[in-house]
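Structure, as structure tokens:
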Amino acid sequence: MKNIFRELKGTLIITSVLTPLPLFAGLLLWNVLPDVLVTHWGIDNQPNGYMSKAAVVFGLPFFMLAIQYLCTFLVFLEKKNRENLKNIRMVLWIVPVISILCGAVTYAYACGVMLNVGFIITAAVGLIFAAVGFYLPKFKQNSTVGVRLPWTLNSEDNWEKTHRLAGGVWIAGGLLITLTSPLSNVWILMVILLVMIMIPLLYSFWYSKQENKI
């Protein structure tokens, strides 16, 4: 664990600084923010979730930071992640990106900037999926990150082939989510996500059956 921490120390420090940045933005905007802020929108851009100003400014950044540390802790627990350090760095950047993006959208909307939030968030999520897909084939077998199924964890060959396929599927699916985000159609999003999940899962199961026949 000490070796992993030493290798990832720089990334952890930088992401720990960036994740709570919305807190400082909220303090700067405190006097112009309303007492209640919209914090969630449907894919149709309609607000459907609200929080108090204090909860948004102080609570959400620390909540995101707690998630970041939880992800880091789980990564450090897995010894095999020493072989995945470059890819783990990418994983540790996901929470800070989401935190800053959500903070920027929330504050901008609260300050009267008319945004198509459903489009922005959906498009960003698609790009994140595509980025994860790019790195998936590079992950070595581990029990923390990746397509962690009994048959992928029991066979390195299954793991490698499943993640090679999953990487392509997630890149294509993520880009398709981004390209279709202007449609603001939740059914299109759900179908794409289902395909992204089921294709690698079914392939890995099928491949496991083929291995057992040999």
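Go through 86/161; 9/140; 9/138; 53/138; 79/209 and tell me which ones have a Cα-Cα distance over 32 Å in this structure.
Pairs exceeding the cut-off: 53/138.
Rounded to the nearest 10 degrees, what's the angle between the helix 60-77 long axis and the longest principal axis of the chain, both from Cα atoms, 0 to 90?
Long axis of 60-77 versus the principal axis of the chain: about 20 degrees.
How much length is gained on full extension from residue 85 to residue 187, taking 0.36 nm per residue of separation minus their Cα-Cα distance?
Separation in residues times 0.36 nm, less the Cα-Cα distance, equals 33.1 nm.
May I ask for the angle, rounded to the nearest 10°, between helix 2-18 and the longest principal axis of the chain, with both axes built from Cα atoms and the value confined to 0 to 90°?
Value to nearest ten degrees: 30.
So how tilted is helix 186-213 from the main axis of the chain? Cα-based, degrees 0 to 90, rounded to 10.
20 degrees
Using only Cα positions of region 1-101, each an equal point scatterer, no hydration layer, compute I(q)/I(0) via Debye at q = 0.12, 0.22 Å⁻¹ and quote the log10 values to two decimals.
Debye intensities relative to I(0), on a log10 scale: -0.49, -1.07.
Nearest 0.05, what FRET efficiency do residue 55 and residue 17 give at R0 = 35 Å with Cβ-Cβ as r?
Efficiency for this residue pair is about 0.95.
About the Cα centre of region 121-177, what is the dipole size in debye to 20, counting +1 per Lys and Arg Cβ and -1 per Asp and Glu Cβ, all else neutral?
60 debye
Coordinate-derived values only; no laboratory data. The structure presented is a predicted model; accordingly, all values stated were derived computationally and were not measured. A quick note on method: Cβ atoms are made from the backbone with ideal geometry, for glycine too, and the neighbour counts reach across all protein chains shown.
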